[in-house]
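What follows is a single structure, written as structure tokens, with notes after it.
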Amino acid sequence: MLAWLLVAVPVVGLLLRVDLSDFVSLVTSDAALAALWLSLKTGLATMVCCLVLGGPLAVVLARSHLPGLPFIRSVVLLPLVLPPVVGGLTLLFLLGRTGPVGAFLYERFDITVPFSTTAVVLAQTFVAMPFLVVSLEGSLRTAGERYEAVAATLGASPLTTLWRVTIPVVLPGLLSGSVLAFARALGEFGATITFAGSLEGTTRTLPLLIYLQSQGDLDGAVAMSLVLVVVAIVVIVVSRTRDLR
């Protein structure tokens, strides 16, 4: 009960602090709408990146017997324990103009990754990927390989087995992991501000706007914080409902 109160009481305090008379105007200002739209857009892009990159990785972790899988899994889980700021620095040192990859992209193709919307998506993907991988890997291990083995004995190709058997079986876990990755991307702050900066309309997502407003416009920061709380509750309810099913 004390643990529940530790989480619930601060949220109640936030609700009590909200100025309802100016709430609508605060959350519909140009800066707030731009930040909200950017957060939703980059969050969806991050979810797609996590699906495309993290889905095959989860299959490898759950189904293969390659040597070094514990090391691979530990690296995948690293963003869960690293401070997001460290993740942002690693991306900056890799993809910045003086980094090994960033220097190549800039010199050969005149592409600058940091402090762009692409940088926001990369930073969010870095911190959100483990949520999808862990969820999907757990679903794959729980489902086992018996259905896939039956499909193989009936003559189904590996690709057919993947689309017609594996994905439908693990679909609840896949959807839950995707929703959690989207939620984590929506609330990302440290890696984003370190790697992408805070440029209005380009990299200033909702958490960054809340941080900036907390320095001078506390009512605006509280109002936008409430928006994030509502979105988080919706995500948790959707994810939990699928898990129960």
Residue among Leu95, Leu36 that is over 19 Å from Ala185 (Cα atoms), buried (at least 17 other Cβ atoms within 10 Å of the Cβ) and either under 18 Å from the mean Cα position of the chain (by Cα) or not polar (S, T, N, Q) (or both): Leu95
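Go through segment 1-30 and count every residue that is in contact with a helix residue (DSSP H, G or I) (Cβ under 8 Å, 6 or more places away or on another chain), closer than 12 Å to Asp219 by Cα and not basic (Lys, Arg). Spell out how you get there, then give the answer.
Kept after step one, since they are in contact with a helix residue (DSSP H, G or I) (Cβ under 8 Å, 6 or more places away or on another chain), are these residues of segment 1-30: 11, 14-15, 17-19, 22-23, 26-27, 29.
Subsequent filtering for residues that are closer than 12 Å to Asp219 by Cα retains 14-15, 17-19, 22-23, 26-27.
Remaining after also requiring not basic (Lys, Arg): 14-15, 18-19, 22-23, 26-27.
Count: 8.
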Test: Glu145 is at pLDDT below 90 and acidic (Asp, Glu): yes
From the options Thr192, Thr202, residue that is β-branched (Val, Ile, Thr) and in a loop (DSSP other than H, G, I, E, B): Thr202
Any hit, segment 99-112, residues being closer than 22 Å to Phe189 by Cβ, exposed (fewer than 13 other Cβ atoms within 10 Å of the Cβ) and free of Cβ contacts under 8 Å to residues at least 24 places away in the same chain: no
Residue within segment 118-130 that is of a type in the set (Phe, Trp, Tyr) and under 16 Å from Ala183 (Cβ atoms) present: yes
Count of segment 41-72 residues which are farther than 14 Å from Arg184 by Cα and without any contact (Cβ under 8 Å) to a residue 40 or more places away in the chain: 12
Pick from segment 139-163, criterion small (Gly, Ala, Ser) and in a loop (DSSP other than H, G, I, E, B), ranking: surrounded by the fewest Cβ atoms within 10 Å (Cβ to Cβ): Gly155
Meets criteria (surrounded by fewer than 18 Cβ atoms within 10 Å (Cβ to Cβ), part of a helix (DSSP H, G or I), of a type outside the set (Ser, Thr, Tyr) and in contact with a helix residue (DSSP H, G or I) (Cβ under 9 Å, 6 or more places away or on another chain)) for Val229: yes
Inter-residue pairs, beta-carbon under 8 Å, first under 16 Å from Leu14 (Cβ atoms) and in segment 206-218, second β-branched (Val, Ile, Thr), 6+ apart: Leu206/Val227; Pro207/Thr192; Tyr211/Ile193
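Out of the residues in segment 1-35 that are without any contact (Cβ under 8 Å) to a residue 12 or more places away in the chain and either part of a loop (DSSP other than H, G, I, E, B) or among the aromatic types (Phe, Trp, Tyr) (or both), state the one that is nearest to Ile210 (Cα to Cα).
Here the answer is Thr28.
The values are calculated or read from the model by the stated rules, or taken from the named source; none is laboratory data. Because the structure is predicted, anything quoted here is derived from the model rather than measured. Don't worry about glycine lacking a Cβ; one is built from the backbone with ideal geometry, like all the others, and counts go over all protein chains shown.
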